[in-house]
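In what follows, a structure is listed as structure tokens, so that the remarks can point back to it.
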Amino acid sequence: MTAARAGRSWLPTLPALIIAGLAVAAAAACGGAGAAEGADADRPAVASMASVRLGDVAAEVGLDFRHAAFQWGIRSDPNAMMSGGLCWIDVDADGWLDLFVVNTWSEGEWGRWRGEGALPSSRLFRNDRGRFTDVTDEWGAGVTDRGGGCVAADLDLDGFTDLYVTTQRDNVLLWNLGGERFEVDGARAGVDTNGWQAGAAVGDVNGDGWPDLFVTGYADLNSRTDSTAGFPNPYGAEPDLLYLSTGGSGGDRPTFVDVAADVGIESDRVDYGLGAVWTDVDRDGDLDLYVANDTQTNRLYVNEPSDREPGFRLVDRGAEARVDDDGAGMGVAVSDYDGDHRPDIFVTNLAGQGHGAFRSVASGEPWAFDPAVEAMNLPDLGHDQTGWGTTWGDLDLDGDLDLLVAHGGIPVRDLEADRQQLQLFENLTLPGDPPEPGVFTEATAEVGLDTEGRHLARGLAAADYDNDGDLDIAVGTIGGDLALLRNIGAGGHWLVVAPAPATPGTVVTVTVAGSDRDAQERELLAGSSYLSSEDPRAHFGLGESDGPVTVRVTWPDGTVAERTDVNPDEIVSVRWDPAAGLETPGDRPISPPP
């Protein structure tokens, strides 16, 4: 990274839906499914960030993980400096989100680690009612390659979530075998490309019913250039990859073919890609792609039909859409922060450049954006710290999306001195129909992040790990301990909607009877932030509204499920029933941790 700026559907047609509402208690401190009344009594009456506290509970809930790079001193190893991804994933489909954490080691330490007994590997922690147990060995989830990031998605449509891990060498696909263990794919699926790949995101780009996989290529450290600019410019760039699923037949798993060059990916240059996310920016029913590039302009690929195989083109509209941020792009977050039902974009950059924010606008092309840093009251964000993972999430449950950004120094020279501050910005969007786009105010100190300490952070992913209705945050670090910031004290009512299958691109909309706010909308994503995957469910803060909620789920093929009798403070499972509704699927009850 250089401080100077540089340059439709995949669900089968099924005859019926089963929609099950599963009540969940509102606070993790109370055990048992019937504890919701007492838990609600502990919540503030009014949603407010002033009551929220974020505290690191990783050690006390069993997340014993330390990133293995630089344990015997700092070396010039950019790959190890830029790893640190993690994925929330419900591996056994029990309704509790487990955590997969990517690991690596630094160059020159291979022999030392072997002498210690084994190379560091990625780790899988199973969530048992809010407590975690390391099940890496039992599940076969220990990837010992020098890992970078991961994405969690059901790539073979068997109902169980698989994992894809990017590394400096050969990427690794882990098939989930019935919620019992993982199996390494090897080279069978065709996605084990050699080279330094970084971010990964999953979505059905061609609407054939099978999830596809996009992978950002970063730097080729074996290929020198004549550039005198900062890293990674002295090295050639690795091309981005778009693996189109060929689908499964006869019980076989799908295989994949790279069509990036055929559909317009990097048609004019090869970028140093890092963050990536699939999202329907123009709301036309297909998935578009935003890519954050290091030292090169970011790209917004709009999905457009084509007469040529494979039937679509990804056309870079970044400059026209005014989202071609030219900083050292790292992480990216996409969601509707201003309540106008169009996705907005936030991207993190190197210190000194400032981060980028882009608000979708109604005028002009359907994929048009306005730069929004000034309007959001964030002009100084990112000028003194380097940003990595980032997420939109309603941390105070007041009905609008707040913004969290992880920071950490690069290049790494000192594991302590290079730590930087996580920052939280509260959304002050005003209620109305439609809402008046608000400004943001920093709430870092208000929620205790300043006293929590700094991190040499990279990956960041939000999820309600303890099923108490508010969002918690996992943070991956370089050479340090994993952090899990548990959210306590968030006021207001809430709703978590778990579509099954959790298809990327599915849109969940909730409307509260009697509320003065417009409907809220969330789009399910698989892969975002920096090298990470977040909660596969849709999370909503409802503020003081306690009226019945209408839940509407729209899958990518346009099929809609709707309920009008949902109570607040529940986890609601919305699922397809392949048996035509003859019996309700056997959902396991979800109860709060002890």
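Condition check ((1) out of contact with any strand residue (DSSP E or B) (no Cβ under 7 Å at 6 or more places or on another chain); (2) of a type in the set (Lys, Arg); (3) within 16 Å of Ala463 (Cβ to Cβ)) across all residues:
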residue: Thr511; (1), (2), (3): no, no, no
residue: Ser515; (1), (2), (3): yes, no, no
residue: Gly527; (1), (2), (3): no, no, yes
residue: Arg537; (1), (2), (3): no, yes, yes
residue: Leu542; (1), (2), (3): no, no, no
residue: Ser545; (1), (2), (3): no, no, no
residue: Pro556; (1), (2), (3): yes, no, no
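Scanning the stretch 372-417 for residues that are of a type outside the set (S, T, N, Q), closer than 18 Å to His455 by Cβ, open to solvent by less than 30 Å² (accessible area, probe 1.4 Å) and part of a loop (DSSP other than H, G, I, E, B) gives Leu381, Gly382, Leu395, Gly409, Val412.
Whenever a residue of the stretch 320-345 is within 30 Å of Asp398 (Cα to Cα) and in a loop (DSSP other than H, G, I, E, B), its partners that are open to solvent by 10 Å² or more (accessible area, probe 1.4 Å) and among the charged types (D, E, K, R), lying with C-beta atoms within less than 6 angstrom and at least six residues away or across chains, give the pairs Asp336/Glu521; Gly339/Asp518; His341/Glu521; Pro343/Asp336. Look at (1) assigned to a loop (DSSP other than H, G, I, E, B); (2) open to solvent by 10 Å² or more (accessible area, probe 1.4 Å); (3) within 21 Å of Ala461 (Cβ to Cβ); (4) not β-branched (Val, Ile, Thr) and you find that Ala152 fails only one, number (1).
Listed here are the residues, each with its yes/no results for (1) farther than 28 Å from Gly217 by Cα; (2) at pLDDT below 95; (3) in contact with a Leu (Cβ under 7 Å, 6 or more places away or on another chain).
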| residue | (1), (2), (3) |
| --- | --- |
| Glu107 | no, yes, no |
| Val135 | yes, no, yes |
| Cys150 | no, no, yes |
| Asp158 | yes, yes, no |
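Restricting Asp518, Asp470 to those that are surrounded by 24 or more Cβ atoms within 10 Å (Cβ to Cβ) and of a type in the set (D, E, K, R) reduces the list to Asp470. For the stretch 378-386, check the following and say yes or no: at least one residue is modelled with pLDDT of 95 or more and of a type in the set (A, V, I, L, M). Looking through the stretch 378-386, none of the residues is modelled with pLDDT of 95 or more and of a type in the set (A, V, I, L, M). If you go through the stretch 468-505 and keep only what is at negative phi and either assigned to a loop (DSSP other than H, G, I, E, B) or touching a helix residue (DSSP H, G or I) at 6+ places or on another chain (Cβ under 6 Å) (or both), you end up with Asp468, Asp470, Leu471, Ile478, Gly480, Leu482, Ala490, Gly491, Pro501, Ala502, Thr503, Pro504.
Checking every residue in the stretch 283-296 against the condition of being open to solvent by less than 10 Å² (accessible area, probe 1.4 Å), farther than 20 Å from Trp196 by Cα and either in contact with a Pro (Cβ under 7 Å, 6 or more places away or on another chain) or at pLDDT below 95 (or both) gives zero matches. Only one of the numbered conditions (1) open to solvent by 10 Å² or more (accessible area, probe 1.4 Å); (2) modelled with pLDDT under 95; (3) of a type outside the set (D, E, K, R) is not met by Gly195, and that is (1). The residues on offer are Val172, Val259, and the sole one that is crowded, with 17+ Cβ neighbours inside 10 Å, at pLDDT 95 or above and over 22 Å from the mean Cα position of the chain (by Cα) is Val259. Any residue in the stretch 527-540 that is hydrophobic (A, V, I, L, M, F, W, C), at pLDDT 95 or above and in a strand (DSSP E or B)? Within the stretch 527-540 (the criterion being hydrophobic (A, V, I, L, M, F, W, C), at pLDDT 95 or above and in a strand (DSSP E or B)), the answer is yes, since at least one residue qualifies. Out of Asp565, Asp546, report the one residue that is at pLDDT below 95, part of a strand (DSSP E or B), over 25 Å from the mean Cα position of the chain (by Cα) and surrounded by fewer than 21 Cβ atoms within 10 Å (Cβ to Cβ). The unique qualifying residue is Asp565. Would you say Arg112 is touching an Asp or Glu at 6+ places or on another chain (Cβ under 9 Å), closer than 23 Å to Gly84 by Cβ and outside any loop (DSSP other than H, G, I, E, B)? In short, no. Apart from one condition, Val439 fits all of (1) open to solvent by 10 Å² or more (accessible area, probe 1.4 Å); (2) at pLDDT 95 or above; (3) farther than 20 Å from Glu570 by Cβ; (4) not charged (D, E, K, R); the exception is (2).
The values are calculated or read from the model by the stated rules, or taken from the named source; none is laboratory data. Given the structure is predicted, the values throughout are model-derived calculations rather than measurements. In this analysis, Cβ positions are derived from the backbone assuming ideal geometry, glycine residues included, and neighbour counts consider all displayed protein chains. Just the protein is used for accessible areas: all its heavy atoms, side chains included, with ligands, DNA and RNA removed. Shrake-Rupley method; radii C 1.70, N 1.55, O 1.52, S 1.80 Å.
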